Amino acid sequence: MLGAPSDSRGCFFVLPFPKCAGPPPGIRFAYAAMNRPYPRASSSLLVTGGAGYIGSHTLVELLAAGYRPIVLDNFSNSSSETLRRVEALAGKTLTAIEGDIGDGELLRGIFAEQARQGRPISGVIHFAGLKAVGESVEQPLRYYRNNVSGTLVLLAAMDAADVRHIVFSSSATVYRASAALPYTEDHTLGPANPYGRTKAMVEQILRDWSACDRGRRVACLRYFNPIGAHPSGRIGEAPQGVPNNLFPYITQVALGARPRLHIFGNDYPTPDGTGVRDYVHVVDLARAHVKAVEYLEQVTEGFTPINLGTGRGTSVLELVQMFERVTGVSIPREIQARRPGDIAEAYADPARATALLRWRATRTLEDMCADGWRWQSRNPKGYGP
Ligand code: NAD
Ligand code: UD1
């Protein structure tokens with residue numbers, strides 16, 4: 001039971017979130033939701049990985065829309081400080097549990113406790129996962145265990161609690177690299193690294209899971225390149241160590257934390273020779289999750305893959321130049337060899353998201369640069385002290 005010692009492996013604590021200085025290390029904790037009115041008070045959602053980059057922005061939107069998110073995160077790539085800031089931004093309190101999606105007993109306890117409190121969990125938004133491509137090549141078993149086995153444990157707990165809706169964080173990386181652009185959801189799958197294969201495997205598992213029970217619903221959201229931050233500058237992307245992705249690398253160069261940007265190749269068959277991607281504002285992405293939850297309440301389809309992107313391609317040089325123009329900060333750069341595994345160009349056909357979710361990305365590349373820089377410049381150490 002939440003609020004009382006649970007088992008031999010740890011205790012739960014129920015604390016009012018704003019007064020809490022943080023959980024003692026290694027101890028599971030839960031923050032009690034205060035008695036604020038929720039328009040959909042009967043609708044609790046389990047949000048795995050909610051303390052991460054995309055999860056935290058989604059929590060803000062879910063709270064604004066009146067949902068009651070229950071966060072489960074092991075903080076392997078995030079910090080509980082993020083959740084405090086989400087609460088401050090939303091003006092509401094959160095329930096958060098430190099724990100792992102691979103812990104079936106914990107999951108069953110969460111589903112049971114919410115039902116006992118008269119607020120049964122009606123669906124899951126599943127962000128929790130490891131996401132670094134290079135690391136997945138070096139430690140494939142860790143990736144398969146965390147992302148694939150973890151999802152199997154989560155689905156088994158959902159089955160036991162009769163929870164049949166899930167929104168899954170997939171990626172454009174599941175598509176086979178090809179010249180046929182833009183990518184529609186019917187594009188051939190063919191991920192090129194273990195990380196991408198974990199996403200494709202979970203997609204297959206979710207297809208099969210939804211096919212064997214008529215009530216099961218899956219929105220499989222394939223993100224293109226989320227960048228930017230909440231316009232408040234209070235939450236954003238906080239990579240540990242050297243950023244793998246372009247945008248956080250640019251912001252760290254702008255800070256002076258890194259001397260220059262390495263541009264991986266200028267000999268691609270693209271207008272300026274640098275790689276082209278579909279950058280989408282993280283707040284637009286977050287709002288798509290609220291739409292996806294609503295969609296699952298209405299749809300009869302079991303498994304629906306949906307691209308989330310703008311439909312526009314932007315090159316590395318275009319993004320760097322836009323960042324410089326918007327922020328007034330110059331980005332020293334040098335051209336290097338292509339990064340192994342990279343492709344020339346990728347962008348989404350987002351028509352299905354518009355048709356099914358009534359969603360389209362509205363924020364511009366200028367917004368992404370301005371908001372991302374506001375976050376990074378005000379929080380040079382991310383969520384650290
Ligand atoms: P993130 O690392 O910031 O967030 C993931 C969160 O999951 C973290 O808070 C981490 O602590 C938590 N987590 C990881 N494994 C866990 C486990 N076993 N149990 C409980 N919590 C766990 O990543 P993000 O950028 O917010 O991405 C969220 C999801 O979207 C991931 O599944 C990622 O693969 C996917 N995705 C991200 C991108 C991107 O560019 N950021 C693109 C495509 C897909
Ligand atoms: C990468 C991952 C992909 C993941 C996605 C998440 C690889 C091979 N792919 O995709 O699986 O889903 O992130 O957003 O890692 N670039 C530079 N300098 C840098 C970093 C990147 O020039 O320091 C270039 C890249 O060559 C690419 C573009 O910037 O052309 C975007 O790179 P990145 O942000 O890493 O995203 P993806 O490669 O699309």
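Exposure proxy shown here: for ILE250, ILE306, ILE205, ILE263, the number of other Cβ atoms within 10 Å sets the order, fewest to most, as ILE205, ILE263, ILE306, ILE250. What's the center-to-center distance, using Cα atoms, between segment 141-161 and segment 107-123 in Å? Going from one Cα centre to the other spans 18 Å.
Most tightly packed first, judged by the mean number of other beta-carbon atoms within 10 Å of their residues, the peptides 114-121, 61-68 read 61-68, 114-121. Spatial offset of segment 201-226 relative to segment 317-383 amounts to 27 Å, using the alpha carbon center of each. Take each peptide in 270-282, 131-143, count the other Cβ atoms within 10 Å of every residue, and average; sorted highest first, the result is 270-282, 131-143. Sorted fewest first by neighbouring Cβ atoms within 10 angstrom, GLU366, GLU324 come out as GLU366, GLU324.
Name the long-range amide H neighbours of ILE125: under 5 Å, sequence gap of 5 or more, or other chain; modelled H, no Pro or chain starts. Counting only residues 5 or more places away or on other chains, the set is LEU46, VAL47, THR48, VAL167. For VAL60, VAL86, VAL153, VAL124, the sequence from fewest to most other C-beta atoms within 10 Å is VAL153, VAL60, VAL124, VAL86. Largest mean-square fluctuation among PHE111, PHE168, PHE264, in a Gaussian network model of the chain whose springs join Cα atoms under 10 Å apart, belongs to PHE264. Entry note, the chain: the mean residue ellipticity at 222 nm calculated from DSSP H runs of n ≥ 4, each adding -39500 (n - 2.57), is -10000 deg cm²/dmol after division by the residues and rounding to the nearest 500. Looking only at THR188, THR95, THR310, which one moves most when the chain is put into a Gaussian network model with springs between Cα atoms under 10 Å? Fluctuation is largest for THR188.
Bridge orientation summary for the chain: considering DSSP beta bridges with both residues in this region, about 15 percent are antiparallel. Taking the centroid of alpha carbons for each part, segment 246-278 and segment 69-88 are 30 Å apart.
Structure remark: mean-square fluctuation, Gaussian network model of the chain, C-alpha springs under 10 Å; the largest value among GLY91, GLY265, GLY241 belongs to GLY241.
Computed from the coordinates by the stated procedures, all read-outs in this text should not be read as laboratory data. Source: prediction; values computed, not measured. Glycine gets a Cβ as well: all are built from the backbone with ideal geometry, and neighbour counts include every protein chain shown.
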